[in-house]
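What follows draws every value from the coordinates through simple rules; no lab data is involved. This one's a predicted model, so the numbers in the text were calculated from it and none came from an experiment. Here Cβ is always computed from backbone atoms with ideal geometry, including for glycine, and neighbour counts include all displayed protein chains.
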Amino acid sequence: MKVITQFQEPFLQPVNEPLLEDRGISLWIRREDLIHQEISGNKWWKLSLNLQHIIGLDPVPTLLTFGGAYSNHLYATAAACSELGIECIGIVRGEIQQPLNPTLAFATEKGMKLVPVTRSAYRDKELLIQQFEKDFSGLYVLPEGGTNELAVRSCIQMVNGRMQKMDIICVPVGTGGTMAGIVAGMESNGSVLGFSALKGNFLTEEVDQWLQKVFPDESFTNWTITSDYHHGGYGKITDELIGFIEQFYIRHGILLDPVYTGKMMFGIYDMIRRDMIPAGSSICAIHTGGLQGWNGVRERYGIDPISF
Ligand SMILES: *Cc1c(COP(=O)(O)O)cnc(C)c1O
């Protein structure tokens, strides 16, 4: 089952805090960030069934996928393909700057062939795929962010029996694939609360569509997404967010990423403070990894967590 190596089964780490004690809330963090040095968190899970499928094909196809210049998905895919000896191509949104940023330098070192395309060309993925299909006989296309049906199915496995007993599972949301798998994995136990990393409300629709597509015979009502904690939009940061991540790190020794898990945890604390989460609840927040995302914040804003 596990074609990509895994160093450590994700475990639940308790977080203790006066804010939580006052309300009788227990908070656990599922440490998906520690499962693999290079293929962390939900990207490990999303890739696992896809890569298992690919290496079973004869001949093994070339993997084609998409991402931004600091994409966690490109980073993880390059590492996983290198481990398994799969050829891969990463179509990168926008110009590629030289020297390569740390994310793209890593992907290149791992053997991913990077192809920059303009932002407008990047929007028309179908056309790009057609162009590549002309040049490559066997291609396996993995959508942006790695979300497809196999990825959603893989994410069911992120939920174990202990998590099904929690009142609330919290997860950051990008494309919604991970959340859809977790909602299905909870089997109507507890509720799943997603924190959108993007501005706007459209992710509820995305998760809903994935659930209908992958599990057409089931209906799930135990989930919601809040879009109140995007901090200006995807990849955007605020001083308040960075201050929170720094404080959280100092108090608990757990580093959150600035694109997804930092925004989720900020939101969880804010909702607890506002009594939007019932007293006495048990919460499991999923640390979906993505710490290489600091590369973007380091380069764009000069903020580096090693100075925390
Ligand atoms: C990609 C990513 C997400 C979002 O996952 P989706 O399945 O696209 O919703 C969340 N957290 C981290 C750290 C990620 O890298």
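When the stretch 258-274 is filtered for residues that are outside any helix (DSSP H, G or I) and either closer than 15 Å to Gly233 by Cα or in contact (Cβ under 8 Å) with a residue 60 or more places away in the chain (or both), the ones remaining, listed by number, are Pro258, Val259, Tyr260. Among the residues of the stretch 167-180, those that are crowded, with 24+ Cβ neighbours inside 10 Å and either assigned to a helix (DSSP H, G or I) or away from the ligand (no atom under 13 Å from the Cβ) (or both) comprise Ile169, Gly177, Thr178, Met179, Ala180.
State whether one or more residues within the stretch 224-234 are buried (at least 18 other Cβ atoms within 10 Å of the Cβ) and polar (S, T, N, Q). The answer is yes, given that some residue of the stretch 224-234 is buried (at least 18 other Cβ atoms within 10 Å of the Cβ) and polar (S, T, N, Q). Elements of the type strands (runs of 3 or more DSSP E) sitting completely within the stretch 1-84 and holding at least 2 residues that are surrounded by fewer than 18 Cβ atoms within 10 Å (Cβ to Cβ) and in contact (Cβ under 8 Å) with a residue 12 or more places away in the chain: these cover 12-15.
Filtered by the rule that a residue be in contact with a Pro (Cβ under 8 Å, 6 or more places away or on another chain) and more than 10 Å from the ligand (Cβ to nearest atom), the stretch 30-44 gives Arg30, Arg31, Leu34, Ile35. Answer yes or no as to whether Val183 is within 16 Å of the ligand (Cβ to nearest atom), in contact with an Asp or Glu (Cβ under 7 Å, 6 or more places away or on another chain) and not aromatic (Phe, Trp, Tyr). No, not satisfied. If the condition is being over 21 Å from Ser71 (Cα atoms) and within 13 Å of the ligand (Cβ to nearest atom), then the stretch 186-201 contributes only Val192.
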